1. Determine how large the accessible area of LEU150 is when every protein chain is in place; take a 1.4 Å probe and give Å² rounded to the nearest 10.
2. Near LYS716, which lysines are there with a Cα under 16 Å away, not counting those fewer than 8 places off in the same chain?
3. Short version: ³J(HN,Hα) in whole Hz for each residue of region 562-574, in order, from phi by Karplus 6.51 cos²θ - 1.76 cosθ + 1.60 (θ = phi - 60°), x for Gly and Pro, what are they?
4. At 1.4 Å probe size, put LYS549, LYS567, LYS556 in order of accessible surface, largest to smallest.
5. GLU708: accessible area at probe 1.4 Å, nearest 10 Å²?
6. Looking at this model, which pairs from LYS401/LYS556; LYS359/LYS403; LYS591/LYS653 are more than 30 angstrom apart at the alpha-carbon?
7. Where the centroid of each part is defined by its Cα atoms, how far is region 685-755 from region 99-171 in Å?
8. For region 79-138, which whole-number percentage of the solvent-accessible area (1.4 Å probe, protein heavy atoms only) is attributable to carbon and sulfur atoms?
Amino acid sequence: MDEKARRTRDLLASFYNTDPAAAGAVPASPARPSPAASSVSPLESINSASFNPDVYMDVLVQQSNLEGLLQGHVKMAAEIKNLDTDLQMLVYENYNKFISATDTIKRMKTNIVGMETNMEQLLGKITSVQSRSDTVNTSLFNKRENIEKLHRTRNLLRKVQFIYDLPTRLNKCIKAEAYADAVKFFTGAKPIFEAYGDSSFQDCKKASEEAMDIVIQHLQAKLYSDSEPIEARAEAVVLLKQLNFPVDNLKSSLLEKLEDCLLNFQNKPTNASIGDISKTFRAYLIIFPDSERRLIELAHALFTNRYETVRETLKERIPSTDLLAILRGLWEDATAIDEVIPEAALPAFSLETTRDIIKQHIATAFLHLQTEISDVLVRTHSTSNEKLEESQLQTAMEKSKIKVSQGCIDLLQEFHHLIDGDTELIVKLKDLIIDWVQEGFQDFFQKLDGHFHLLSGRSKSFSQESNSIDSVQIDKIPTVLVLMLAQLCVFIEQTTIPKVTEDLAASFSGGGARSYEYGPPFVPGEICRLYRSSGEKFLHHYINMKTQKISKLLNKRFSTPVWIKHKEPREVNMFVDLLLLEFNGVVSEVKQILPGLIRRHRHSDSTGSTTSSRSNPMREDMLNRSNTTRTRSQFLENHLAKLFEQKMEIFTKVEYTQESVISAVLKLCLKSLQEFVRLQTFNRSGFQQIQLDMEFLKNSLKEFIDDEAAISFLLKEVNNAAHERCLDPIPLEAPILDKLINAKLAKIKEQGPNV
């Protein structure tokens, strides 16, 4: 409490003298101060009732100097002024209240003047009314007793009449099928029958019981009737319970009927609605409150079977909109049943099952797309052994690309329908669906790569597909399929994956409903690296397969004849035609599948000696020497020439271009041809046959690639190998060589398009 408030309180207390002890106390004598005053310092007792000014002044003069007295004077004068001001404000603040209280007291005195007279008049009137009421009660007392007695008699007669009329009433209710009224009438009369049924109302009781037996029979018939609505059957059970009829033995049969009804609803949902099922459950809970557990089992069985039917439809690809409509309907049905049986927790069960179904739908959609891509490639596989038209491979390649690219776009559009909406079911599963779609694309591209490897005959451990797809033997795999797979891998890496990544970022961003221990669900960089590596493997696999096939032809050519006894060459060997035919097949396949020439090997790209045996003057001089000297000189010449030739890069990196692949196949085949020549021993005629064949190939192979230097170098190496393995390496003379080659060209020209 502050100083001002304390002073104000003390001032009011002293003004109104609220302290009785202080008011009745006698002021202490200055000579004999009270014990309380003696215990308080004189300087501090200025506000007490026992204040003695003389003592106060004596003590003040003794303890203070002149300056202190002057300060005390100023301080006391200020306090006196403050007290006067506070007292004045106190009077001003309470003046209006005092005036209002005075006016109120005056009005009360004025209004209460005539009240006593009015009260006396009211008391007289009340006394008069009381006396007249007593007079009336006294005069009507006997009649009132008679009236009450007659009223009781009348009520009793009504009850007796009701009992006698009860059989007739019950029969009317039976005819009108008002069984509720019949039960109501009978239960109302039942206490009377129990009290007087064996004496006065014996006949009425018997007739009423016979009528109620008919009512019970009708209620039982309604209960077992399938045509009756469930509300009427529930009402029948309630009425039977009111009649104390044992209905517990009907529970099992009624629940069996309910189970049959649910089965019919599952098979033919158009015959009933979920609203009817909900009402049925509600009625059974009313009829049999202890059957809740059984009803929960039936509800779970109903929705389990319905969801299982949806799972069966997923085996065939269905649109996402249709699936979402089915799942939304099931969700609404589960919510409706949950309002009746919340203990069944059908929404939670429905949500969990819907999650599994949508996840299965997404996985099935990816599996169907993989199957469709495989079918396009397999159709190419089945027709690869037939004679292909000029643009047939190109058409098949374009179909494969379209199937991969458009198939992914169609899947994204289908999956977008699954998250397009604001229903409760979509909101709960949206993040999970986004995660499943991203995971699905990651898994789809990985499995598709494994499937490509299986189609190509390459061994790659994909256990999930190895059980369903038979391994294809390498010798039965069409080489064109391997080349298509290589180009398809490039297309997926450069076109499909960037497009899928862009669409996923636009429509399926977010997710993260589950934590990923191994990074994000879809990693485009990893998929691109996978297909880049697979494309290179398929491209090399194609080159190796083509080379192996041509190498078998070369092996058969060089291992069958006896070169040491070869006859003088008359024409270019037939194996050259077969070799060129194989090369034409490679060129036809490559030109239809791979893009056009991006980088062509020019003559200046390869360096080294490219002179043939025909244009070498040193070799012409050797023809005039003896066989032994010529052989030794040519052998030394070839090896010395190799020492001074610049290094030629024959096998460069293979690119996804027509020129690069054709060049790689030709170089490998010519290198294989050189190795087959090294394994044989030739006489002069055999060596000359090899010389003639290589010279013809030199001009023919220029049509396939532009790297003439590399081809000339490899053909020269074949000639050198035959020269080294020849017992008498005397080449054909230039005129004879030209004559035989021109004869072959003329023959080819005559055959025309048939070749």
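1. 120 Å²
2. In chain and number order, the partners are LYS642, LYS647, LYS667, LYS671, LYS698, LYS702.
3. 9, 5, 6, 10, 5, 7, 4, x, 10, 7, 5, 5, 5
4. Values: LYS549 105, LYS567 165, LYS556 145 Å².
Highest to lowest solvent-accessible surface, that is LYS567, LYS556, LYS549.
5. Counting only protein heavy atoms, GLU708 exposes about 60 Å² to solvent.
6. On the way: LYS401/LYS556 39 Å; LYS359/LYS403 23 Å; LYS591/LYS653 19 Å.
Cα-Cα > 30 Å for LYS401/LYS556; rest within.
7. Using only Cα atoms to place each centre, the spacing works out to 145 Å.
8. Working: 3380 of 5520 Å².
Whole-percent figure for carbon plus sulfur exposure: 61.
The values are calculated or read from the model by the stated rules, or taken from the named source; none is laboratory data. All values reported here derive from a predicted model rather than from experimental measurement. Counting neighbours? That spans all protein chains shown, and the Cβs are built from the backbone with ideal geometry, glycine included. SASA here: full protein model, heavy atoms, side chains in, ligands and nucleic acids out. Shrake-Rupley method; radii C 1.70, N 1.55, O 1.52, S 1.80 Å.
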